[in-house]
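Presented below is the structure to which this report refers.
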Amino acid sequence: MSETAAAARTLVHYEVRDGIAWLTLDDPPANTYTHEMMLQLDAGILKARFDGNVHVIVVTGSGEKMFCAGADINMLKTSDPTFKYYFCLHANETLSRLEQTPKLVIAALNGNTVGGGLEIAMAADLRVARRGKSKFGLPEVSLGVLPGTGGTQRLARI
């Protein structure tokens, strides 16, 4: 899929119901995030932050198997080092914004939550997982890759 086509897709659905802003990550099958998804997540966080009718933000994933598997590895494989640096910097800023939002943030973990997906979940105030056999972790550390968006720091604090 071209970068333009991906940018035109809605990768984070934003909906407000009863004072709750729902941000749903939607890029099946693993809801991996690209720069385009992170831009949409960032925009949703800011929109909810400025909406006086929103008191709670819930971040969840579409589908039944995955909350989020983190960054899109194929996107990273084809990116130059400068893009990767700025991509990680923006993702860090987005998760810091989520973590520092003065509204209650809940990560509704509807499936496997790994890599950058766990880092998103750890930026929330509360994490609620559905019953089942979902996996949680930072598997990138077994590959010698540092979690790029604050996972090591947040995990130690949690």
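The values are calculated or read from the model by the stated rules, or taken from the named source; none is laboratory data. Bear in mind the structure is a predicted one, so any value in this text is a computation, not a measurement. Don't worry about glycine lacking a Cβ; one is built from the backbone with ideal geometry, like all the others, and counts go over all protein chains shown. All accessible areas refer to the heavy atoms of the entire protein, side chains included, with ligands and DNA or RNA removed. Shrake-Rupley method; radii C 1.70, N 1.55, O 1.52, S 1.80 Å.
Sequentially through segment 89-97, phi angles give Karplus couplings (6.51, -1.76, 1.60; θ = phi - 60°) of 4, 5, 4, 4, 5, 5, 5, 5, 5 Hz, Gly and Pro residues having no value and appearing as x. Within the accessible area of segment 3-93, the carbon and sulfur atoms contribute 58%, probe 1.4 Å, all protein chains present.
The label point for Y14 and the one for L39, both projected 7 Å from the Cα toward the Cβ, are 1.4 nm apart. Taking a label point 7 Å from the Cα of K47 along the Cα→Cβ vector, which residues of segment 9-28 have an amide N closer than 15 Å to it? The answer is 9-26, whose backbone nitrogens lie closer than 15 Å to the label point. Amide H contacts of L138: G115, each under 5 Å away and 5 or more positions distant or on a separate chain (H built 1.01 Å from N in the peptide plane; Pro and chain starts excluded).
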